[in-house]
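Data block below; observations after.
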Amino acid sequence: MLQINLKLKTGADNRNNKTQIIPLFLQHMRMGVFDVLPEGSLDGLTAEDLRLLLNGVGDINVSVLISYTSFNDESGESSERLVKFKRWLWSIVEKMTHLERQDLVYFWTGSPALPASEDGFQPMPSVTIRPADDAHLPTANTCISRLYIPLYSSRAVLRQKLLLAIKTKNFGFV
């Protein structure tokens, strides 16, 4: 661990102390970044590029999320019922507020934002449709970006259970 020793002028103007500390802090921060990244790997990136790489895209685009997502079926139900269920799910997600979508993606993947590109998602998000059960909440395994949802009996039940699950943050190993 790096330790910075700097004598601050006691009783001095705070701006003087800041002008000493900030450049030194930035220099050491840069050294720390290049301890884990090859020098030059950030060349050509704008500040916005770097922000997107580090934070992802905060505005959850439902079309992008749909394109990233695969489905697994454990319900044993007919394909017609599964297609209907998927339509319910995406229509609910489309009608969510910005914050609810972020909460959903956090609940599902452990990150409140989508990566800047498909390459940033490892593993890609998936939904496992479990057997019909209106009593249980959806759960998630954030390590593998998998959302487990029982095949609920109605769109209203799906909406209620999904919103309750993301508010209670009921994720973990299932």
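The values are calculated or read from the model by the stated rules, or taken from the named source; none is laboratory data. Quantities reported herein were computed from a predicted structural model and do not represent experimental measurements. For neighbour counting, all protein chains shown are included, and Cβ atoms are generated from backbone atoms with ideal geometry for every residue, glycine included.
Could you say whether any residue in the range 60-79 is among the aromatic types (F, W, Y) and either closer than 25 Å to L104 by Cβ or modelled with pLDDT under 80 (or both)?
Yes; the residues of the range 60-79 include at least one that is among the aromatic types (F, W, Y) and either closer than 25 Å to L104 by Cβ or modelled with pLDDT under 80 (or both).
Residues being polar (S, T, N, Q) and more than 13 Å from the chain's Cα centre (by Cα): count how many of those fall in the range 118-147.
Step one: list which residues in the range 118-147 are polar (S, T, N, Q), which gives 122, 126, 128, 139, 141-142, 145.
Now narrow it down to the ones that are more than 13 Å from the chain's Cα centre (by Cα): 126, 128, 139.
So the answer is 3.
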